[in-house]
Each structure stands twice: as structure tokens, then as C-alpha cells.
Amino acid sequence: MMVRSKSSRVLRSVVAWGTVLLFAFPLYYWLTVAFKDGKEIFNYPPQVWSFSPTVRNFEEIFGISLGFGFGEQREVLPGGGNWRMAPRLWDSIVIAVLSTGIAVSIATLASYALSRMEFAGRHHFVSWVLSTRMMPPVAVAIPVFFIYKELSLLDTYTGVILIHALMNLPLAVLLMKSFFDDIPHEIDESGMIDGASRFLIFRRIILPMVKGGAAATAVLCFIFSWTEFLFVLTLTQTGLKTVPVVSSTFVTSTGTAWGNMAALGAAAMLPAFLFILLVQKHLVRGLTLGSVKQ
Amino acid sequence: MRVGVLSWDRPWIWLLPLTAMLVAFTIMPLLYNIWLSFHEYHTFSRELRWVGGANWAQLVADARMWEALGITLFYFAVTLTVQVILGMAIALLLDDDEIGFGFLRTLLTLTLVVPPAIAGMMFLLIEDPEFGVLTYVLEQLGLLDKTTPILATASTAIWGVMLVDIWQWTPFMVLIFLAGLRSLPPEPYEAAMLDGASAFTVFRRITLPLMQKVIAVAVLIRGIDIFRMFDYVFVMTSGGPGTSTYTLSLYSWQQTFSFIKWGYGATLSLFTLLIILIVANLFIWVAKVRW
């Protein structure tokens with residue numbers, strides 16, 4: 001590339017760091033709020049760098065003592081909800097893990113066929129899968145609410161898990177298809193010449209070759225389920241709630257429990273942060289549903 | 001050799017679970033939604049009644065629906081444009097191997113895993129009129145005085161919401177554009193350097209045309225998500241103040257679940273769906289995006 005002077009390189013680095021740190025700032029600030037005492041959050045001008053950190057917010061939402069002294073225990077939120085957040089994290093985990101399992105299994109089977117087999121209407125089938133990615137969640141949530149009401153699936157794990165699996169299917173199918181497309185067809189063909197069945201080739205030869213891709217797909221499905229809001233808001237009442245939805249109940253007309261909300265948010269974002277670092281290599285391919293390869 | 005329809009050598013058995021899911025959760029709800037759009041719930045008799053095309057007639061005559069559509073389109077146009085331009089600028093900035101740039105690229109991925117509802121609340125705090133960081137900064141710069149709260153003033157609320165979208169999803173554009181930039185062939189650039197072309201000419205004549213497909217995919221995916229946006233307005237403004245931040249998604253959700261207008265809410269959500277399907281497929285066709 002072009003030869004650049006030292007000063008222009010320094011300038012470029014400074015601008016780059018400044019820009020990215022500006023994007024990171026809201027996350028940093030949210031983290032400080034999670035560790036701030038109630039009063040410090042409301043200071044003006046806001047305290048960005050210096051404050052006295054406390055783990056009280058975390059102790060309160062998880063109902064545990066981290067050994068730094070334990071203040072009086074609050075039982076209910078300003079809005080009347082429960083402070084105890086561990087069950088809500090559990091709900092989030094169950095829903096994200098099981099819906100991911102379903103979505104990735106179904107998608108792996110289907111995308112193998114879409115990648116390997118010639119049949120009439122294959123292109124239309126792919127378009128159909130893609131067009132389900134375009135449906136606004138609200139246009140699915142409204143009818144599904146009434147269907148679930150008839151089937152007594154409202155407020156159940158099954159109901160939310162199925163709808164999250166569905167939501168992730170277009171992504172999972174198109175992404176897995178792009179990983180299968182990377183593997184040369186000759187591998188399948190040589191297996192068939194040896195007399196192995198399609199399914200055997202798929203299980204013994206091809207599947208092990210897309211393990212990395214399947215893992216990346218699973219991570220993205222997990223994250224999208226973990227962060228989903230509208231379906232959980234609409235299809236659950238009191239039985240279960242995921243973290244994003246329960247967080248919104250911290251905002252009430254009598255005040256917002258910012259410290260606790262930030263603590264819960266920080267705790268919930270940590271696993272997603274770690275997961276996304278694992279799939280850096282396939283991230284762009286995942287975000288573009290398999291169409292842009294890194 | 002004859003093979004049965006449900007043999008592993010035929011595609012159908014592989015596609016069966018997927019087809020079952022898609023039929024159960026997209027075709028069935030779609031049909032139910034269409035059925036619902038010709039009915040309305042009567043609160044007195046507590047039953048759905050056939051109303052013919054009344055909901056669709058109401059939709060066309062509903063000034064608030066047109067206002068919501070206008071707000072959605074405005075939000076869509078501004079947010080998408082800013083994300084594409086800013087995303088490209090930052091991608092060009094980071095497309096280098098200076099020390100630490102790998103770390104910066106990783107840092108940018110973090111905004112993508114924040115649940116949008118929580119991102120909305122983060123900015124609710126940051127834009128708070130009493131103790132928000134952004135309020136403080138804008139006030140110090142003389143751009144805002146504390147008597148005009150960003151999210152509670154009709155003229156500024158939508159910008160307050162757009163800011164979250166831009167913050168959270170510009171990195172999405174950056175990462176995709178960076179992947180595109182990094183896979184460009186070096187030859188055209190070498191030729192341009194020999195010709196002494198300016199940096200801007202190189203960008204316009206070489207980078208942009210080569211990046212066309214990548215940009216189209218990013219715009220398509222982001223465009224769909226921006227148009228159906230719900231989470232931010234739901235947690236930040238609930239459509240207010242007044243009706244200044246009502247998007248189509250929020251309007252249809254509220255008609256259904258807050259005002260018990262089941263039929264009309266379904267009609268609105270179908271209308272939103274129709275717009276997205278038509279525009280997105282048109283875009284796919286014009287921009288020749290292929291999967």
C-alpha cells in the first residue's frame with residue numbers, strides 16, 4: 001500500500017483509538033453504574049472516573065453476600081416485582097440453550113440437502129427461508145399469542161423455546177449452508193462410490209468437517225435468543241422471564257433501580273461477550289447470513 | 001435403482017423438520033393473522049366478530065398510522081444512512097495493521113451482543129435530563145439546556161432513540177465492511193498507484209464498485225431490522241412524548257395488547273410485513289444479492 005509519513009500514522013492511530021473508545025464508553029459507564037452506590041448514580045455532573053465501588057447491587061439481585069457486609073434486604077422492586085434475579089438468569093439460559101440446540105439440529109439437516117442435492121424449487125426454498133427472516137417479530141408475535149392461548153403454551157418454556165428456535169432458523173440454515181458449500185462435492189461422491197449411504201457420509205465424513213461452523217452458528221443463535229425482547233415480552237406473563245424483559249421492570253413511575261439494573265445487565269452480558277470472542281473468525285459470515293466470507 | 005420418497009437419497013426427509021417448523025410458525029400465523037384482520041374483538045360480548053374490510057378501510061383512513069409510517073421511514077432513512085457512511089469511514093480507518101488495531105476491532109464487536117432492550121436503558125440513563133452523561137456534555141458544549149430533556153421533548157426524542165441504534169449497529173457495518181476491504185484484490189490498487197490517482201478517486205472508482213455486493217448485503221440485513229425496530233422505543237419512550245416516536249411495530253403491538261384491538265393490530269402488523277417483504281425483495285432483485 002501507500003507509504004505514509006510517521007505523523008500521519010500517529011494521527012490515524014489516535015483517531016482510531018478515540019473513535020472506538022467512544023463506542024466503548026457507554027459499556028464502561030454502565031459497568032461503573034453497576035458498581036456505584038445508589039446516591040452516586042444521581043450525582044451531577046456524573047462521576048465517570050472516580051467513585052467508591054461497591055458490590056451491593058450484585059448482592060441485592062442475587063440475594064447473596066459477597067462478604068463485604070450486608071445491608072438490609074429489600075424484597076420487592078419499586079414496581080412490585082421480585083428482586084431475586086437468579087431464576088431469571090436460569091430462564092434465559094434454559095431458553096437460549098434449548099432453542100439453539102433445536103435450531104442448529106434442524107438447520108444442519110436441511111442445509112446439507114440444500115447444499116448437496118439438486119431438486120426442483122431448491123432456489124425458491126432458499127428464498128422462502130430467507131423471506132422468513134424479513135417477517136417483523138410483531139407480525140409473528142400477535143397471531144402466535146392467540147394460537148398459544150388456545151394451546152396453553154403461553155408462559156411456558158416450550159412456547160418460548162420454539163419461537164426462539166424459529167426466529168434463528170433462517171440464520172442457522174443459510175449460515176450452515178455456506179459452511180457445507182465450502183466442502184468440495186468430490187468428498188461426498190468418493191464416499192458414494194465406495195457404497196456408503198448418504199446419511200453415513202453426512203454423519204461420518206461431512207459433519208465432522210463443519211464442526212467449527214456449527215459451533216459458530218450455535219453461538220450466534222444463543223446470543224440472538226439471549227438478547228431477544230419482543231417474543232418473551234408478548235408470550236410470557238409471570239411464569240418465566242428472560243433478562244432483557246425483566247430488566248425493563250426496573251423502570252417504574254416511582255423511580256428506577258439503576259444500580260441493580262446495571263448489575264443485572266452486566267452479569268447477563270458477560271457470557272455473551274465471552275462467547276462472541278470465541279467466534280471472531282466466523283462473525284462476519286454469521287452476521288451476513290453466510291453471504292460475506294472473511 | 002428405485003428410491004422411495006422418504007429415502008436419505010432424496011432431499012425431503014432432510015428438509016422435513018425445517019419445513020414443519022416454518023409452516024407451523026410462519027404460514028399458520030400468517031393465515032391466522034389474515035383471518036384476524038377481517039375480525040374485531042368486542043369487549044362487551046367478549047368475542048371476535050366478522051367485520052369484513054373495516055380494519056383495512058380504517059388503516060387507510062388512520063392519520064396516526066400514516067404518522068407512524070412517516071416516523072418509521074424517517075428513522076429508517078437517517079439511521080441507515082448514518083450507519084453506512086460512519087461504518088465505512090471507521091472501516092477505512094481501521095483497515096490497517098497498526099499496533100492495537102486488532103484489539104480495537106474486537107472491542108467494536110462488543111456492542112453487538114448487548115440486548116437491545118438493555119442498550120435502550122443504558123441510553124435512557126445516559127440521556128437522563130437530571131444526571132445523564134450526554135446531557136452534561138451537551139450542556140457544557142452549550143448545545144442543550146437542562147430544560148429540554150432529550151427524550152421528553154417531541155422534536156428531539158426520535159434523535160435520542162436513533163442515537164442508540166447508531167451506537168449499537170454502526171460496529172455491525174464496520175465489521176462487515178472491514179471483512180470486505182480485507183478481501184479486495186491488490187492489483188487494481190497497484191495500477192492506480194502507478195497512475196498517481198488520488199485517495200478519493202481510488203475509493204470511488206475501485207473500492208466502492210468492488211465492495212458493492214458487501215454493502216448491499218449489509219444494507220439489506222440492517223434495513224430489515226431497522227424498519228421493524230421495536231425494543232428501543234418500547235423501553236425508552238413508549239412512543240412518546242405524544243406520538244412523536246411511534247413506529248409501525250410499536251403501534252401495532254399497542255393496538256393489540258394495550259387497546260385490545262386484536263383485529264386492527266393484526267391488520268397493522270400485516271401491513272408492516274407487506275412493506276418489508278415488497279421493499280426487501282425489490283432490493284434483492286435490483287442489487288442482485290444472491291444467497
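Across segment B:214-223, what is the number of residues that are facing chain A (nearest Cβ under 8 Å) and out of contact with any helix residue (DSSP H, G or I) (no Cβ under 6 Å at 6 or more places or on another chain)?
Step one: list which residues in segment B:214-223 are facing chain A (nearest Cβ under 8 Å), which gives B:214, B:217-218, B:221.
Imposing the further condition that a residue be out of contact with any helix residue (DSSP H, G or I) (no Cβ under 6 Å at 6 or more places or on another chain) reduces the set to B:217, B:221.
Within segment B:214-223, residues that are facing chain A (nearest Cβ under 8 Å) and out of contact with any helix residue (DSSP H, G or I) (no Cβ under 6 Å at 6 or more places or on another chain) number 2.
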Note on residue A:275: of the conditions (1) assigned to a helix (DSSP H, G or I); (2) surrounded by fewer than 19 Cβ atoms within 10 Å (Cβ to Cβ); (3) more than 8 Å from chain B (Cβ to nearest Cβ); (4) not small (Gly, Ala, Ser), unmet is (3)
Given the conditions (1) crowded, with 21+ Cβ neighbours inside 10 Å; (2) hydrophobic (A, V, I, L, M, F, W, C); (3) within 11 Å of another protein chain (Cβ to nearest Cβ); (4) under 30 Å from residue B:104 (Cβ atoms), every one holds for residue B:230 apart from (4)
Of the listed residues (A:172, A:165, A:196, A:218), the one being at negative phi and in a loop (DSSP other than H, G, I, E, B) is A:196
Scanning segment B:35-48 residue by residue, those surrounded by 12 or more Cβ atoms within 10 Å (Cβ to Cβ) and without any contact (Cβ under 8 Å) to a residue 40 or more places away in the chain turn out to be B:35, B:42
With respect to residue B:51, determine if the residue is modelled with pLDDT under 95 and within 11 Å of chain A (Cβ to nearest Cβ).
-> no
Residue B:260 passes all but one of the listed conditions (1) buried (at least 20 other Cβ atoms within 10 Å of the Cβ); (2) more than 9 Å from chain A (Cβ to nearest Cβ); (3) touching a strand residue (DSSP E or B) at 6+ places or on another chain (Cβ under 8 Å); the exception is number (1)
If you go through B:106, B:170, B:148, the only one that is β-branched (Val, Ile, Thr) and either surrounded by 23 or more Cβ atoms within 10 Å (Cβ to Cβ) or in contact (Cβ under 8 Å) with a residue 40 or more places away in the chain (or both) is B:170
Checked pairs for segment A:110-136, first within 11 Å of residue B:277 (Cβ to Cβ) and outside any helix (DSSP H, G or I), second of a type in the set (Ser, Thr, Tyr) and modelled with pLDDT of 95 or more, C-beta under 8 Å and 6 or more apart or across chains, list as A:136/B:249; A:136/B:269; A:136/B:272
Condition check for residue B:119: within 13 Å of chain A (Cβ to nearest Cβ), closer than 30 Å to residue B:144 by Cα, small (Gly, Ala, Ser) and buried (at least 18 other Cβ atoms within 10 Å of the Cβ): yes
Filtering helices (runs of 4 or more DSSP H) wholly in segment B:181-291 for at least 1 residues that are at pLDDT 95 or above gives B:208-227, B:231-236, B:248-257, B:262-286
If we keep only residues of segment A:252-267 that are more than 7 Å from chain B (Cβ to nearest Cβ) and among the hydrophobic types (A, V, I, L, M, F, W, C), then the residue farthest from residue B:168 (Cα to Cα) is A:257
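The values are calculated or read from the model by the stated rules, or taken from the named source; none is laboratory data. Source: prediction; values computed, not measured. Cβ sites come from the backbone with ideal geometry, for glycine too, and all protein chains shown count toward neighbours.
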